[in-house]
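To start, the structure under review is shown below, and the notes come after it.
The values are calculated or read from the model by the stated rules, or taken from the named source; none is laboratory data. Note that the coordinates shown come from a computational prediction; the quantities given were computed from them, not determined experimentally. Glycine also receives a Cβ, built like all others from the backbone with ideal geometry; neighbour counts cover every protein chain displayed.
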Amino acid sequence: MRIPVKLISVDGPPPPGFDDAGDGSIEAADGASLADVLAKLGLAADEAYATLVNGEPVAAAERRRRRLKAGDSLTVFPPIKGGALDRGQRPAGDSRLESPITPPLTGGHPMPKILDDLHDDHMNMARLYDLLGRELMTFKNGELPDYELVQKILDYCLAYPDQVHHPKEDLVFRKLKARDPAAAESIGDLAEEHEKLAAFTRRFATALANVLEDEQLPRDWFVDLANDFLAFSRRHMQMEEVLLFPAARKLLTPADWAEIEKAMVRRFARPSDDDRRERFEAGLGEIMAWGKAAESETPVVPPAESPAP
Ligand SMILES: [Fe+2]
Ligand SMILES: [Fe+2]
């Protein structure tokens, strides 16, 4: 039987027959275990990988017992366990500037409204990252990016996740941890990741301020910082789409969701929260419209055809 496999953000070159997006398939004997298939992919020894069969997480300890059958599909994802995203962990090349977030895995469970909203946030952030990546490519090619647009995107990235998006995810994660500690453990330390993401964003924002003040700063240095930020952010969102949201959808009960909803109402009940929400919506709308207009005006030149000076 052939098992379709999706490798998400797995470092190193894709196995033979897999495309750059990590999509491929592998031949396995009927009744092969998940561990057997991972071994064929050269991943068996690395327990840092999270595995999902048909969108459902399978713990490392279960991989030898879990048998696969025709029609199953496998997703492999390396969760970030709070370690720094150092250069050794990053995939090479500037494709990171362009790689889109992987769409969420769809299961048979209805999407609670909170997860729906969090997913919409991710799609919006992915769009902002695409716009940012486009401006960075312009900068890398030695041309003048739209600094004002970059600044607006960064302002949004500095404020919205910490003030709105992450507190909601933290509520979901805390509830998941209470409901199923093992599932939460396989995801890692979400609060720590959010802190790290905020640190990457601040570092990038500081670098942008420096570049605006001193045009002589090396472009590669700035693009590297931007890559760090974009790679970590995208990977973090992918992890949530692939691990956190499906686990929450599967394991949390209607009572859990009602409690999360209540906690959210308490957290965001002030009149100033409504004002803030409107400001964020307006700011996001402005960036999207700006980016759309910029896209229709200036064609992007592929870096291979127009190398940086
Ligand atoms: Fe998050
Ligand atoms: Fe998120």
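Some notes on this structure:
- Residues that are over 29 Å from ILE153 (Cα atoms) and of a type in the set (Ser, Thr, Tyr), drawn from the range 243-288: THR253
- Flag: GLY142 matches the condition of being among the small types (Gly, Ala, Ser), part of a loop (DSSP other than H, G, I, E, B) and away from ligand 1 (no atom under 16 Å from the Cβ).
- Filter result for the condition that a residue is more than 16 Å from ligand 1 (Cβ to nearest atom) and either without any contact (Cβ under 8 Å) to a residue 40 or more places away in the chain or of a type in the set (Val, Ile, Thr) (or both), over VAL150, VAL164, VAL172: VAL150
- The range 234-254, residues that are more than 11 Å from ligand 2 (Cβ to nearest atom) and among the hydrophobic types (A, V, I, L, M, F, W, C): VAL242, LEU243, ALA247, ALA248, LEU251, LEU252
- The range 132-152, residues that are more than 17 Å from the chain's Cα centre (by Cα), closer than 15 Å to LYS292 by Cα and hydrophobic (A, V, I, L, M, F, W, C): LEU149, VAL150
- Odd one out for ILE187 among (1) at pLDDT below 90; (2) away from ligand 2 (no atom under 15 Å from the Cβ); (3) of a type in the set (A, V, I, L, M): (2)
- If you filter the range 191-247 down to residues that are polar (S, T, N, Q) and either within 11 Å of ligand 1 (Cβ to nearest atom) or assigned to a helix (DSSP H, G or I) (or both), you find that the one that is farthest from the chain's Cα centre (by Cα) is ASN210.
Quick grid of which residues meet (1) aromatic (Phe, Trp, Tyr); (2) farther than 22 Å from LEU251 by Cβ; (3) modelled with pLDDT of 85 or more; (4) not in a loop (DSSP other than H, G, I, E, B):
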{"position": "ILE3", "(1), (2), (3), (4)": "no, yes, yes, yes"}
{"position": "PRO13", "(1), (2), (3), (4)": "no, yes, no, no"}
{"position": "GLU47", "(1), (2), (3), (4)": "no, no, no, no"}
{"position": "ARG64", "(1), (2), (3), (4)": "no, yes, yes, no"}
{"position": "LYS69", "(1), (2), (3), (4)": "no, yes, yes, no"}
{"position": "THR75", "(1), (2), (3), (4)": "no, no, no, yes"}
{"position": "ALA92", "(1), (2), (3), (4)": "no, yes, no, no"}
